[in-house]
Ligand code: ARG
């Protein structure tokens, strides 16, 4: 294992937190990921000289209600993001620590210097770019609509006047609120709760990313996806604005993992080709 050189002066940067945003709230738990298949061969690792929130660790903020990107398998957080992050940490000679929190708290946590990066099937958007920096994109997302099998909602236009369930502050929330009005949108902290509300008839439809939508439709009887999709998106990892040292180190590692096919192999493991 290579030694991590914490740069003292960079630690000072962490004290300057940019926290103008809303306070992080409620549930927050920590799951430590041990990359079981960690390659101990030093030649595959770069010398990491990045400063992180906790020395020797790469702390990732996520919301683990979002299969197949991040979800619980027993006490462990698993999924596409968890596996890619473990590979990135390994390349940087750091131990991955995953902090589970509300999706709405991830950017705040990163900006307050509590987490090094946010990775949560997070869509790159103009608005978010005002608050955080992003890595290159590592996956595509698509917003889709879930309805009950016997629903009279056949197209996106039919959503007018219906109750739409979304996860708070996701792009699904932002689009639905813009297009159909705040009064027609019900926000939930967990992606899984949007689907629960749909099965219980508390909302008429859910707007959410396609890969989790497919998992939820499979797990719950009587649900289906509308054929038409709502918006195409790019997923990336976010960092505190101006934390270019870490952003570059993670981005370089990510690009190596994209180029050598590791990222695609992880995605294919969780999302079998159609
Ligand atoms: N892609 C959407 C967004 O960025 C939803 C992401 C939700 N992720 C999660 N882990 N719950 O807004």
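Derivation of every value follows stated rules applied to the coordinates shown; laboratory data play no part. Just so we're clear, the structure is a prediction, and the values are computed from it rather than from any experiment. Cβ sites come from the backbone with ideal geometry, for glycine too, and all protein chains shown count toward neighbours.
Dividing the mean sequence gap of close Cα pairs (under 8 Å, 6+ apart) by how many residues the range 50-163 holds gives a relative contact order of 27 percent.
Net length available on complete extension from residue 219 to residue 54 is 55.7 nm, with 0.36 nm assigned per residue and the Cα-Cα distance removed.
If the chain linking residue 234 and residue 259 were pulled fully straight, counting 0.36 nm for each residue of separation and taking away their Cα-Cα distance, it would gain 7.3 nm. Can you grab the distance from the C-alpha centre of the range 182-214 to the C-alpha centre of the range 102-149, Å, no decimals? When both Cα centres are located, 18 Å separates them. When peptides 75-82, 228-235 are sorted by average Cβ neighbour count within 10 Å, with the highest value leading, the order is 75-82, 228-235. Sorting 180-188, 138-146 by average packing, meaning the other beta carbons within 10 Å per residue, from highest down gives 138-146, 180-188.
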